[in-house]
Amino acid sequence: MTRRLRLALSFALGMTLLWSTAQEAQAQVIAEPAPPPWPDPKKFAKGPFASGEIGTLVYLARAGHFTEPGVAFGVRLGYDLFRWLDVQAHVMGASSDASLPPPQVGQSFQTYLYAGEVRLKLQIHRFQLFAEGGAALAQVSSNVLERVAVTHGSNFTFSVVAGGGLDYHTLNRHFSVGLGADYVWLSQFTGGHALTAQVYLRYTR
Amino acid sequence: MRAGLIFLALAACGCNDPVYLTDNGPIETTPAMMGGGFAPAQGLYVLPVRKPKQNERMALNQLQQQLMLPDKVPWAQAKDFDIEIEWSVQNLDMTKATVIVAVDGGNEFGDYVPSMYIDPNANEEDQTPPPNLLTTEPLVIEAGTTQTGVFREDDLQESALDLEAITRFPSGGDALATPFMVIEHRSNISRIGLEGLPPNDVIPAHVRYQFTVTADAHVVMHYSVRVRDHNGKLAKPTDMDLYVSTDATLAPPVAPPMP
């Protein structure tokens, strides 16, 4: 063996030993771990709540014949008794145009609803399906619908409210937003059926 | 929360919502007995105002003394009510019709009847009746169609003021001339004809409505009286023993001189 060949073999052996014993390099962690895909619903606030809503009220049947859909505003104040049950007071007001036969043209009126309700809830991660219902006192602001025999002497009526919707919890534990729709039966009004649909913002303390 | 409470308070007070009073029946033109054409049709509607209680009567007397008014203070005052009259006229004929809707009537003290204010001493061509308190332009209504309109709240406030001048305090004591002056002028533009009203006068409301429909065809008029009652003086139309007389005509305290 020549001296040059012995030197080349020694170099190759040294490199092989170096590669085989070298440790792998590790990347440095510079970001926080990703949050879980959904917050824990158990950490959502629970207790007294208030919500404000805006939407529409549409009369159906005979009352719907003589009224146009109106804009509605409402407030709900309540308490989460359990994760699956709320009790709430609901006040809603809506302004509608009356579309009556002549001579009463261009008239409008307001509908007020004062209700006591319960809400059943099913929480699925950040979403919540709910059903709600209750009893109410409904009031129309004038006797404008009396001429067409929808109201009869009194502007007040006992009512039943039933509906449901979808709630979406924000990342803030106090706030959620949602969509809801309710059916309202106005017992003393002829053809007194109505639907409300609303979006809301809810704060739970 | 505060907005909710305000909303509740507004809802509870009712925001002075109107009451709609339906007509006593349609007013329909009929063929004239003589000369062809159609005779004007008339109908009277009297606002149902409740009678004052004893203490309210006493308060009116006290107010008269306090304001040093020469005449009684009205019970049904213009400021007590905001009144609007909605009307519709349907042409029942096969040809188009030209229609005029007019409203006269009066306050609790007396009526204004334009035909009574023709000056018998004037030249024959000047013997024209003064205008109606409220009237429309001539309306052309196609066969079988309906036209609607409104005498607004401010129109009824103005007619109440005009009636006060005509029936109790004519300008310069000239009962015949006053209707021409006050009806032709809006009081917010010109006070012509209102010089006879005492200072601090309490204006009576226009509470009797004499409707006249003049048409050259067979038409029918419907109306509805919308009232916002500010002081709880409106009664139900079905109530008995109401305040304002329902007589066909009510002679005013200052009547025009008889011919």
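Brief remarks follow.
- Lone qualifier among A:50, A:45 - being surrounded by 15 or more Cβ atoms within 10 Å (Cβ to Cβ), farther than 30 Å from residue A:191 by Cα and modelled with pLDDT of 95 or more: A:50
- Residue check for residue A:104: outside any strand (DSSP E or B), within 14 Å of another protein chain (Cβ to nearest Cβ) and more than 19 Å from residue A:189 (Cα to Cα): yes
Results for (1) farther than 23 Å from residue A:203 by Cβ; (2) in contact with a Ser or Thr (Cβ under 8 Å, 6 or more places away or on another chain); (3) part of a strand (DSSP E or B), shown as yes or no for each residue.
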residue: A:64; (1), (2), (3): yes, no, no
residue: A:71; (1), (2), (3): no, yes, yes
residue: A:93; (1), (2), (3): no, yes, yes
residue: A:114; (1), (2), (3): no, no, yes
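- Among the conditions (1) more than 30 Å from residue A:145 (Cβ to Cβ); (2) within 14 Å of chain A (Cβ to nearest Cβ), the only one that residue B:152 does not satisfy is (1).
- Residue within the stretch A:20-41 that is in a helix (DSSP H, G or I), modelled with pLDDT under 90, touching a strand residue (DSSP E or B) at 6+ places or on another chain (Cβ under 9 Å) and more than 14 Å from chain B (Cβ to nearest Cβ) present: yes
- The set of residues from the stretch B:66-99 being outside any strand (DSSP E or B), of a type outside the set (D, E, K, R) and either in contact (Cβ under 8 Å) with a residue 12 or more places away in the chain or closer than 30 Å to residue B:143 by Cα (or both) comprises B:67, B:68, B:69, B:70, B:73, B:74, B:75, B:76, B:78, B:92, B:94, B:95.
- Filter pass, residue B:198 being more than 15 Å from the chain's Cα centre (by Cα), over 29 Å from residue A:141 (Cα atoms), touching a residue at least 60 places away in the same chain (Cβ under 8 Å) and part of a loop (DSSP other than H, G, I, E, B): yes
- Selection from the stretch B:33-62 of residues that are in a strand (DSSP E or B) and among the aliphatic types (A, V, I, L, M): B:39, B:41, B:44, B:46, B:49
- For the stretch A:89-106, residues that are surrounded by fewer than 20 Cβ atoms within 10 Å (Cβ to Cβ) and either in contact with a strand residue (DSSP E or B) (Cβ under 7 Å, 6 or more places away or on another chain) or under 16 Å from residue A:167 (Cα atoms) (or both) total 7.
- Residues of the stretch A:107-136 that turn out to be within 11 Å of chain B (Cβ to nearest Cβ) and surrounded by fewer than 21 Cβ atoms within 10 Å (Cβ to Cβ), as a count: 4
The values are calculated or read from the model by the stated rules, or taken from the named source; none is laboratory data. Everything quoted here is computed from the prediction, not taken from an experiment. All Cβ positions, glycine included, derive from the backbone under ideal geometry; neighbour counts span all protein chains shown.
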